[in-house]
Amino acid sequence: MRCLILSHAFNMDGRAASHTVTDKLEHLRANGWDLYVLSAVTGELDKVLWHRQLLPWGAAGFRFDIRHWLAAKVGRGGKYRLLLGFISVPLLPFILLEKVLIGASSQWSWSLPAAVFGAYYARRFDIQVIYSSGGAWSAHLAAWFVSKATPAKWIAEFHDPMVERYGGSDLVSSPASSREKSYKRSIEALVCREAHLVWWFTESARDFALKRHPAAAIKSFCVMPGAPSVAKRMPYVPTEKIRIGHFGSLSDSRSLTDFLLAFSRVKSRYTSNPFNVELHVYGAELDKKARDVVKLERLEGNVVTHGRLEKGPSVETGRDMVVALMQQQDYLLLIHGNDESCKEYIPSKIYEYWSSQRPVIALVHNNEELNRLTIDINGTDRLTAPSSGTGVDNAILFAIENLRDYREFASLKPPRTCQDAVTEICAQVQSKIICQVAP
């Protein structure tokens, strides 16, 4: 089956929106899919698949994508800043005009070349299925155009909830509070109405979307994305200290603040014994609130930040290095967040944590699916807690006091893999689409 993939993020090391797509490719090909890809220029050009990279046709999108392209080519030093300045200054009036007239996220304009070239290549290669993955909603908009301009069927994948809950409400009539949110509502409606098959990564996201678009129920499903199987298993080597590792991005809505406050309270209980517990933060710097907590609570000796990890001589990619480091931690820390979208969102990092076969301290906000998942991984609910409050203290204490039980750890259920996800997707395509696109 000839399939054209439309995805703004593709082959971007360390970017979840890219991994969600690229992790599936070898398994799709093993199932007989002949793949063609259109993406932005922000990642590496694929050396195996037919792959074309397109620049957005809007000023804001052009600057956003070229910034990533420049960083990959020349690094982020003085040359990068100089070149970016030369590009940004003449674009500034057009960026401001685009913001006033359109008011959408910068990636919207990638849908224009993706639609035009997507329709051309779909006819040239006799594409049978258009697969849009987002991430950036521009991929879905382009896929809709291609599906209208060609005989190809359209399958769509939502990474994150497109429409936010307003004040926790399940009401479908809640008004959008910005033009960008209004666009997202319209794109979600377009996908649910026009796509031939659509899926979400959590049951709660699917259920909430179907409250707005009940007619899409017959062509929708849920599939957990999973993570690649660990190719090189690194031996876990315990040390005198207890290492808790956090991997991935941090922000105001996904902050280490509550964990650090609980960490400090637990530390204060160990006045007579040394507190040999360290929090290692990989892939991001501490947010401002977290930095203030570290300083105020005097945790400088217990918190180590490593920043973004780049590939080294012993690994092929930064991601390989991350997976190797995950296997060296005594515990892995998952910070879910604290906003309304958490009810429908599971961080993709949890699947890599699971694959690493180390126990997970999880701070979960209002998400029963994620609660169940972390219990499956750990074999206990004692390491899972609400995102704030004394439950966090109890989870940290349990981890410290039961470290011996977790030195040699294996989750009770096998890790969820990308191959599992692809098997489910292919079964859905086989039953609902393949009979319609057979040559």
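Which of (1) at pLDDT below 95; (2) farther than 30 Å from L4 by Cβ is the odd one out, the single condition S229 does not satisfy? Every listed condition holds for S229 apart from (2). Quick one: is D46 at negative phi, part of a helix (DSSP H, G or I) and touching a residue at least 12 places away in the same chain (Cβ under 8 Å)? Here the answer is no, as D46 does not meet what is asked.
For the range 418-439, name all the residues that are modelled with pLDDT of 95 or more and among the polar types (S, T, N, Q). Q419, T423, Q428 - these are the residues of the range 418-439 that are modelled with pLDDT of 95 or more and among the polar types (S, T, N, Q).
Residue-wise test of (1) outside any loop (DSSP other than H, G, I, E, B); (2) buried (at least 22 other Cβ atoms within 10 Å of the Cβ).
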site	(1), (2)
R29	yes, no
G32	no, no
L35	yes, no
L38	yes, yes
G61	yes, yes
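Only residues that are under 20 Å from I130 (Cβ atoms) and surrounded by 20 or more Cβ atoms within 10 Å (Cβ to Cβ) were counted across the range 1-16, and they come to 10. In the range 368-388, which residue that is part of a loop (DSSP other than H, G, I, E, B) and without any contact (Cβ under 8 Å) to a residue 24 or more places away in the chain is surrounded by the fewest Cβ atoms within 10 Å (Cβ to Cβ)? Going through the qualifying residues, I end up with D381.
Check whether at least one residue in the range 116-130 is closer than 24 Å to H196 by Cβ, without any contact (Cβ under 8 Å) to a residue 60 or more places away in the chain and buried (at least 18 other Cβ atoms within 10 Å of the Cβ), and report yes or no. Scanning the range 116-130, I find at least one residue that is closer than 24 Å to H196 by Cβ, without any contact (Cβ under 8 Å) to a residue 60 or more places away in the chain and buried (at least 18 other Cβ atoms within 10 Å of the Cβ), so the answer is yes. Residue by residue through the range 253-279, note down the ones that are under 32 Å from the mean Cα position of the chain (by Cα) and in a loop (DSSP other than H, G, I, E, B). Listed by number, the residues that qualify are S253, R254, S255, L256. Answer with yes or no whether S109 is farther than 23 Å from I425 by Cα and outside the structural domain of S348 (by TED's automatic domain parsing). Answer is yes for this residue. On inspection, D13 qualifies as in the same structural domain as F158 (by TED's automatic domain parsing) and modelled with pLDDT under 95. The C-beta contact set for the range 321-342 (first residue without any contact (Cβ under 8 Å) to a residue 24 or more places away in the chain, second residue among the small types (G, A, S), distance under 8 angstrom, 6+ apart or interchain) comprises M321/G312. Take the conditions (1) in contact (Cβ under 8 Å) with a residue 40 or more places away in the chain; (2) not in a loop (DSSP other than H, G, I, E, B); P225 misses just one of them, which is (2).
Of the residues in the range 409-432, at least one is aliphatic (A, V, I, L, M), free of Cβ contacts under 8 Å to residues at least 60 places away in the same chain and not in a loop (DSSP other than H, G, I, E, B). Across the range 98-108, the number of residues qualifying as in contact (Cβ under 8 Å) with a residue 24 or more places away in the chain, farther than 18 Å from T42 by Cβ and assigned to a helix (DSSP H, G or I) comes to 2.
A quick yes/no check of all residues on (1) modelled with pLDDT of 95 or more; (2) surrounded by fewer than 19 Cβ atoms within 10 Å (Cβ to Cβ):
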site: R308; (1), (2): no, yes
site: G312; (1), (2): no, yes
site: L334; (1), (2): yes, no
site: E340; (1), (2): no, yes
site: E344; (1), (2): no, no
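Does F64 qualify as being among the hydrophobic types (A, V, I, L, M, F, W, C) and touching a residue at least 40 places away in the same chain (Cβ under 8 Å)? So F64 fits the description; yes. Restricting the first member to the range 67-94 and to residues that are closer than 23 Å to E44 by Cα, and the second to residues that are aromatic (F, W, Y), the beta-carbon pairs closer than 9 Å and six or more apart or on different chains are R67/Y80; L70/Y80; A71/Y80; K73/Y80; V74/Y80; I87/F62. Just to be sure before I move on: is F64 in the same structural domain as A142 (by TED's automatic domain parsing), closer than 22 Å to H159 by Cα and in contact with a Pro (Cβ under 9 Å, 6 or more places away or on another chain) in the structure I sent? Yes.
The values are calculated or read from the model by the stated rules, or taken from the named source; none is laboratory data. Everything numeric here is computed off the predicted structure, so don't read it as measured data. Counting neighbours? That spans all protein chains shown, and the Cβs are built from the backbone with ideal geometry, glycine included.
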